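Worksheet for the structure shown next.
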Amino acid sequence: MLDYKLVTFLEGMILIKEAVISFVEKIKTANRLYKLIAFSAISVILILVSVFSSGVKLTYNLIYNGNVFANVASQEVYSQAVALAKTYVSGKDVDFSGIEVDSVISINGTTNNVEETSKLLLENNPAICNGFEVVVDGNVVGYVSSLDVYETAKNSRLTAFDIEGATCTSTFTVPVSAKATYFDVKNLSKTEDINMAFATLDVQTVAIKNTTYTVKYETVAQKDSTKQAGYEKVVTAGVNGSNKRVEEVTYLNGVAVSDPVISTVVVTAPVTEVVVVGTKDVFVTTTPQNASSAGFVWPLAVKGVITGPYGELRSGGKRHAGVDIGVPVGTSIVAVKAGVVEEADYDSDYGYYVVINHGNGLKTRYAHNKCNTVSVGQQVSAGQLIALSGNTGRSTGPHLHFEVIVNGGTTNPGYYLDLN
Ligand SMILES: [Zn+2]
């Protein structure tokens, strides 16, 4: 193929060369007039060739109010652009009159195509507005130049039925939209007309109310057989939790149309309180060996009355770990035997109480006191004032609760005191 083209080209060149030689020979032999005609013809041909090869052509300017806004290659492009522009315009009565079309010679100029020209027609036509058509339930209800008008009208209606104290999500029961379009400026809507178009629409509102409330912690007992009955110690403090109650109700124009849908969300879970509870049997059925030789003095300044015997069944199946001696508040309580103050504290059950360690596994407890007059570590002698009797802690009347503890378990104080 390449060879064939090369041959054709060379043959052409030879033909042209022969034609030129023959023409020059003819000119040489021609007279003066023919020479002039020949050169004039060649000049005209050269001018025409150069003019057409440089891209001179006839085009059309499109003009609005003296402003050239587009240049098209033909009347056909212009009429197609007008037809296309009309399809971009929403509504009727589009007016493209008033455009001047002016033919011009242009050199090497580029012209606008149909699509470009249609946009330029719309943008330069003072009768055309660039904005939005507002559509409600499939019908165009008006034209706005700014979305603000549409949004304001829409939101004003949507928030009209908000429920106080609730998070509301509102929607219309019909579709609404604003679509970008060109429209005839005569069709521009008044703000109040757009407001009116939304003012009667049905609004569905989903209102969600959140209420946070406290969840009381639970308490579990952890039995410990190495601790005597009546022993209670919180090892994990209970912490209240928090729940959120979510109530969802659907409204139509402010009137409830659904039953509340209620759900619960755990915000923080409560921490269960763990209490170690002693279960060791504290009752000694036989007389402790050294009871008679213990030599206890009476623990009070007055005799008092036995109001609760040792071992009495109490609420929760517990047995009374000591003996209750009814005396007026403020009666002096004394140590039954010499020892060291091991505890002098307050407890929700015992109230103010004192424990004295007498050595050899023997201890005594004095509880429900008005106040303690000794402190931990203090050495006390038999008969020494250690507290004033009272009615503190879990107590139903003024008395001394007196316990005798032998090797960690309580025993009947009657073995040590003359209770008659
Ligand atoms: Zn008691």
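Around the Cα centre of the chain, unit charges on the Cβ atoms of Lys, Arg, Asp and Glu (plus for the first two, minus for the last two) sum to a dipole of about 1040 debye.
The H on the amide N of Glu342, modeled in the peptide plane, is under 5 Å from the matching H of Val355, Ile356, Asn357, Gly377, each at least 5 residues off or on a different chain. Rounded to 0.05, the FRET efficiency of the Ser381 and Leu419 pair, given R0 = 25 Å and the Cβ-Cβ distance, is 0.60. Principal axis analysis of the Cα atoms in the range 58-126 yields extents of 40, 22, 16 Å, listed in decreasing size. Couplings 3J(HN,Hα) of the range 293-308, computed from phi: 8, 5, x, 5, 8, 5, x, 10, 6, 10, 6, x, 10, 6, 9, x Hz, in residue order, whole Hz [Karplus 6.51 cos²θ - 1.76 cosθ + 1.60, θ = phi - 60°; x for Gly and Pro]. So what does log10 I(q)/I(0) come out to for the range 54-186 at q = 0.11, 0.23 Å⁻¹, using the Debye formula with one equal point on every Cα and no solvent? These q points yield log10 I(q)/I(0) values of -0.54, -1.28.
Relative contact order of the chain: 10 percent, from C-alpha pairs under 8 Å at least 6 residues apart in sequence.
Relative to the current alpha-carbon distance between Ser242 and Ala256, full extension at 0.36 nm per residue lengthens the span by 2.2 nm.
On the principal axes of its alpha carbon atoms, the range 132-201 extends 45, 20, 19 Å, with the longest extent given first. By the Cα gyration tensor, the chain has an equivalent ellipsoid whose semi-axes, rounded to whole angstrom, run 119, 35, 17 from largest to smallest.
For Asn412, the amide hydrogen comes within under 5 Å of the amide hydrogens of Val284, counting only partners 5 or more places away or on other chains and with H modelled in the peptide plane. All alpha carbon pair distances within the range 211-279 were sorted into 10 Å bins beginning at 0; the resulting P(r) in whole percents reads 20, 26, 20, 16, 10, 6, 2. Can you give me the angle between helix 32-53 and the longest principal axis of the chain, using Cα atoms only, in degrees from 0 to 90, rounded to the nearest 10? So the helix axis and the longest Cα principal axis differ by about 20 degrees. Using a Gaussian network model of the chain in which every pair of alpha carbons under 10 angstrom is joined by a spring, one finds that among Leu62, Leu313, Leu15 the greatest mean-square fluctuation is at Leu15.
Backbone geometry of the range 166-173 corresponds, through the Karplus equation with coefficients 6.51, -1.76 and 1.60 at θ = phi - 60°, to 3J(HN,Hα) couplings of 10, 8, 10, 10, 10, 9, 7, 7 Hz, x marking Gly and Pro. Summed over all non-identical Cα pairs, the Kirkwood treatment of the range 282-415 gives a radius of 14.5 Å. Cross-link reach is defined here as a Cα-Cα straight distance under 19 Å, omitting same-chain residues fewer than 8 places apart; for Lys35 the lysines meeting it are Lys26. Please give the FRET efficiency for Thr200 paired with Ser74, using the beta carbon to beta carbon distance and R0 = 56 Å, rounded to the nearest 0.05. Efficiency for this residue pair is about 0.60. 3J(HN,Hα) along the range 138-143, derived from phi through the Karplus expression 6.51 cos²θ - 1.76 cosθ + 1.60 where θ = phi - 60°, amounts to x, 10, 6, 9, x, 10 Hz, with x in place of Gly and Pro.
Distances between placed amide hydrogens fall under 5 Å for Arg319 paired with Arg314, all partners being 5 or more residues away or on another chain.
Bear in mind these aren't lab numbers, they're just calculated from the coordinates by the rules spelled out. Since we're looking at a predicted model, the values are computed, not measured. Using ideal geometry, Cβ is built from the backbone for each residue, glycine included, and neighbour counts are taken over all protein chains shown.
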